[in-house]
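**Student:** Sharing a structure here in structure tokens format.
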Amino acid sequence: MSVATSPFTFSADSLVPATDCDKACPLSPPGDLLPAEVELRSERFAFALSDEFPVPSDIAMAFLNPIAGEERESTQYATTEAISELLNPRSLHSSVSPIRLEHHQRLVSGLARCWNWIYHRAPWEHDTWRAQSALQAMLPLYCIQKNESWEHHLSHSLQLLRRHAVLILWEESLQSAGIQSWLRRPDFGSESLALRIENAFHLCINHLSHCYWLELASQTQHALLPVTSTRSCEWETETWQLASTLLREEALVDATELSGNSALSAVDMREHWKRLTRTLAESKPRTRANGGSQPEAIAEDETQSSISRSIDRDPAPYLQKIVPISDRNARDLTSKLRDLLQSSEKECVISLAVLRAIPNPSSKSTGHPDEAPDCIPELCDDDIATVEAMFRTEQNDWVFVYSGLDRSELARRIREAFEQRKAAPSRDGKSLLSHYFVAGVSTVIDPTASFEVTSLIEGAWRCLDAAEVQGSNAVKTIEVF
């Protein structure tokens, strides 16, 4: 049963409580419910909400495992910088290696994606409860102690951020029931929104949020199961009050009980929040084909033009440069890699990408087709990267050697090419592609004199095998040393 079609009549098993017109609290069930009944109601609402208000898979991944994404959007740079101010990688490790730095950049980028999605889904400048709820999710990061690791604080901040996202969807699902007027009532005082919802609707918003994201995690590859950390009602109330105070320009802020020896003063918290809100407001989310504003969705004309560029380019000139080899151990491949490593300057980045075709389970095709990947022009664009060599094994694995391009950027380019190929109609006019591709990518950065090219080769093929297990359009990467 969906949220929208739920009957607004109360029963012990009803998904959505009934509207009580005599009281200023819509959807309030009569009487008290046992904690188990409250949990059951929350779970049912969460599952209905996940059916009717799912979020895009890349957004779900950002909320559930922000470090898993590798793509960085140019529209998020200002937001990324604002978040980076709070998460110093050197507070976790005394030295920051290239891998740790890359992981940190991906983490911050994933968090920026979450904040962009939340803001553009429901801006908070004119809704006090939205602003307080969003700011409450940032407070764990504001209260990080000097020289303290921020990992635990980030986990709690993410939990509150996921809860805020669910609150936005919860509000949308109950628009027809007049939920906005209830949310904007001025007589709630200092009681936090989560506690007000539980008291008024017999819904535990923390449990509802946990079940919602747990359901999405079961549908999202590489997602981490959401972990719920328990905070006292006092903490909930204190952070809600602090958020309210920070949002009032004239109010004096005393955050010492919560933040203690925080690296940020109350003035710093307020200024950072204003700057973050400003950068989010100035960012321009991409629009959906239906005209609605939605971050991370690609506009139809942009998608089509990108697809057209891909399918209109003739792969024949590139195919002439492909060298046939027996397998991954062929001398032509190993010699080329050794020559590149020996001739490279001190800042050396060599990447190896291997593509393999796998049958589309929805089509009648069987086996591995031997035709060349039609996305080769996209992968060999000289404006994007320098392709040093291309090979094809007897097992129909397609090998590309790049210089100056690390695995994160290369993986992003490959995924983009795969998605364009998937979205474009096939050349023979059929609606289903006969096969998909998977890819494995390995990168070495500034290798030592004793580095063996076989490590680069084996790393790429191990990733390729793992990508084939995962399925169509998968890309796996590794950095070798």
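**Student:** Every residue in region 142-158 that is assigned to a helix (DSSP H, G or I) and surrounded by 21 or more Cβ atoms within 10 Å (Cβ to Cβ), please. Give the derivation first.
**Tutor:** Of all residues in region 142-158, those assigned to a helix (DSSP H, G or I) come to 142, 151-158.
Within region 142-158, Tyr142, Ser157, Leu158 meet the criteria.
**Student:** Continuing with the same structure: What is the one condition in (1) closer than 20 Å to Ala243 by Cβ; (2) within 23 Å of the chain's Cα centre (by Cα) that His210 does not satisfy?
**Tutor:** If we test His210 against (1) closer than 20 Å to Ala243 by Cβ; (2) within 23 Å of the chain's Cα centre (by Cα), just (1) comes out false.
**Student:** Something else now. Can you tell me which of Glu39, Glu70 is of a type in the set (Asp, Glu), buried (at least 19 other Cβ atoms within 10 Å of the Cβ) and either under 15 Å from the mean Cα position of the chain (by Cα) or modelled with pLDDT of 85 or more (or both)?
**Tutor:** The match here is Glu70.
**Student:** Looking at (1) at pLDDT 85 or above; (2) open to solvent by 70 Å² or more (accessible area, probe 1.4 Å); (3) within 18 Å of the chain's Cα centre (by Cα), find the lone condition where Glu215 falls short.
**Tutor:** Unmet for Glu215, out of (1) at pLDDT 85 or above; (2) open to solvent by 70 Å² or more (accessible area, probe 1.4 Å); (3) within 18 Å of the chain's Cα centre (by Cα): (2).
**Student:** Something else about it: So Leu169 passes all but one of these: (1) within 21 Å of Met269 (Cβ to Cβ); (2) open to solvent by less than 10 Å² (accessible area, probe 1.4 Å); (3) modelled with pLDDT of 90 or more; (4) touching a Leu at 6+ places or on another chain (Cβ under 6 Å). Which condition number does it fail?
**Tutor:** Failing condition for Leu169: (1).
**Student:** If you don't mind, another one. Please give the number of the condition Arg392 fails out of (1) within 23 Å of Gln320 (Cβ to Cβ); (2) at pLDDT below 85; (3) open to solvent by 40 Å² or more (accessible area, probe 1.4 Å).
**Tutor:** Against the list (1) within 23 Å of Gln320 (Cβ to Cβ); (2) at pLDDT below 85; (3) open to solvent by 40 Å² or more (accessible area, probe 1.4 Å), Arg392 comes up short only on (2).
**Student:** Quick one: which of Ser181, Ser190, Ser176 is at pLDDT below 80, assigned to a helix (DSSP H, G or I) and farther than 23 Å from Ala112 by Cα?
**Tutor:** Details: Ser181 fails: at pLDDT below 80; Ser190 fails: assigned to a helix (DSSP H, G or I).
After ruling out the rest, the residue left standing is Ser176.
**Student:** From the residues in region 395-412 that are at pLDDT below 85 and touching a helix residue (DSSP H, G or I) at 6+ places or on another chain (Cβ under 9 Å), which one is farthest from Ala68 (Cα to Cα)?
**Tutor:** The selected residue is Leu405.
**Student:** Is it the case that some residue within region 419-432 is open to solvent by 70 Å² or more (accessible area, probe 1.4 Å), in a loop (DSSP other than H, G, I, E, B), of a type in the set (Lys, Arg) and at pLDDT below 85?
**Tutor:** yes
**Student:** Now a separate question. Quick check on my filter: what residues within region 136-190 are acidic (Asp, Glu) and touching a Pro at 6+ places or on another chain (Cβ under 6 Å)? Don't jump to the end; show me each part of the working.
**Tutor:** Taking region 136-190 as the starting set, the residues that turn out to be acidic (Asp, Glu) are 148, 151, 171-172, 187.
Matches in region 136-190: none.
**Student:** Could you check Pro369 against (1) closer than 24 Å to Thr334 by Cα; (2) at pLDDT below 85; (3) of a type outside the set (Ser, Thr, Tyr); (4) open to solvent by less than 60 Å² (accessible area, probe 1.4 Å) and say which number it fails?
**Tutor:** (1)
**Student:** When you look at Pro186, is it without any contact (Cβ under 8 Å) to a residue 60 or more places away in the chain and more than 19 Å from Ser50 (Cα to Cα), yes or no?
**Tutor:** In short, yes.
**Student:** Of all residues in region 464-481, how many are surrounded by 17 or more Cβ atoms within 10 Å (Cβ to Cβ) and either aliphatic (A, V, I, L, M) or closer than 16 Å to Asp327 by Cα (or both)?
**Tutor:** 6
The values are calculated or read from the model by the stated rules, or taken from the named source; none is laboratory data. This structure is a prediction, so every number in the text was calculated from the model and none was measured. Counting neighbours? That spans all protein chains shown, and the Cβs are built from the backbone with ideal geometry, glycine included. Keep in mind that these areas ignore ligands, DNA and RNA; they rest on the heavy atoms of the full protein, side chains included. Shrake-Rupley method; radii C 1.70, N 1.55, O 1.52, S 1.80 Å.
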